[in-house]
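Okay, so here's the structure we're looking at.
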Amino acid sequence: MFNLWNVLDDAMRTDPWFRPFLMGPEGGNARSWPLVDVVEADTAYLINAELPGVRLEDVKIEIENDVLTLSAQKHPESTNERHEFHRVERNYGTFSRSFVLPQGVQSDNVQATMKDGVLTIHVPKSESARPRRIPVQVVASGANPPKQITEKSDNTAAATAAA
């Protein structure tokens, strides 16, 4: 029965009728590669891309017209021995992903690091795009001036009430 599944899988993978459902427009896997997580923090955006088996010298990051493009090339492992492949699922070749950068980023200060096959691109936000805390003032009735609510004043009020 296992062989029947392999035959069906191979037929679906190679039959042109099934190809639009299984493959992207370039003929590759329909999932985008490299796989990425895009995270927004208070001070920056982080793009974490999985690039297993990709050498650092084969990674290129460019920013043009507020679009960050990550390109990578993954080379197949070269062996001098002749092998008969029964299944090839890993992708090789040149891959690219592009991200439109939001307004308020410092595109001149983008940094990238790579560790254990994960590329991290740090896109800092400009000071104006960062969230900021706005203090709230309490207006007392009568002639007393307004008080600003802070942790210090809250603790002082609690200590005074306890005494």
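Test residue 100 against the stated conditions and say whether it is under 16 Å from residue 46 (Cα atoms), surrounded by 10 or more Cβ atoms within 10 Å (Cβ to Cβ) and under 17 Å from the mean Cα position of the chain (by Cα). Taking the combined requirement at face value, the residue does not satisfy it. Looking for something more than 18 Å from the chain's Cα centre (by Cα), acidic (Asp, Glu) and surrounded by fewer than 14 Cβ atoms within 10 Å (Cβ to Cβ) - is there at least one such residue anywhere in region 41-55? The answer is no, given that none of the residues of region 41-55 is more than 18 Å from the chain's Cα centre (by Cα), acidic (Asp, Glu) and surrounded by fewer than 14 Cβ atoms within 10 Å (Cβ to Cβ). What about residue 134, is it of a type outside the set (Lys, Arg) and more than 19 Å from the chain's Cα centre (by Cα)? The answer is yes for residue 134.
Evaluate the following for residue 84: is it of a type outside the set (Lys, Arg) and closer than 19 Å to residue 54 by Cβ? Answer is no for this residue. Quick check on region 111-120. Is at least one of its residues surrounded by 14 or more Cβ atoms within 10 Å (Cβ to Cβ) and touching an Asp or Glu at 6+ places or on another chain (Cβ under 9 Å)? Yes, because at least one residue in region 111-120 is surrounded by 14 or more Cβ atoms within 10 Å (Cβ to Cβ) and touching an Asp or Glu at 6+ places or on another chain (Cβ under 9 Å).
Among the residues of region 62-73, which ones are within 19 Å of residue 113 (Cβ to Cβ), open to solvent by less than 60 Å² (accessible area, probe 1.4 Å) and not polar (S, T, N, Q)? Result: 68, 70, 72.
The values are calculated or read from the model by the stated rules, or taken from the named source; none is laboratory data. Small disclaimer: the values here were computed from a predicted structure and weren't measured. In this analysis, Cβ positions are derived from the backbone assuming ideal geometry, glycine residues included, and neighbour counts consider all displayed protein chains. Areas reflect the complete protein model, heavy atoms only, side chains present, ligands, DNA and RNA absent. Shrake-Rupley method; radii C 1.70, N 1.55, O 1.52, S 1.80 Å.
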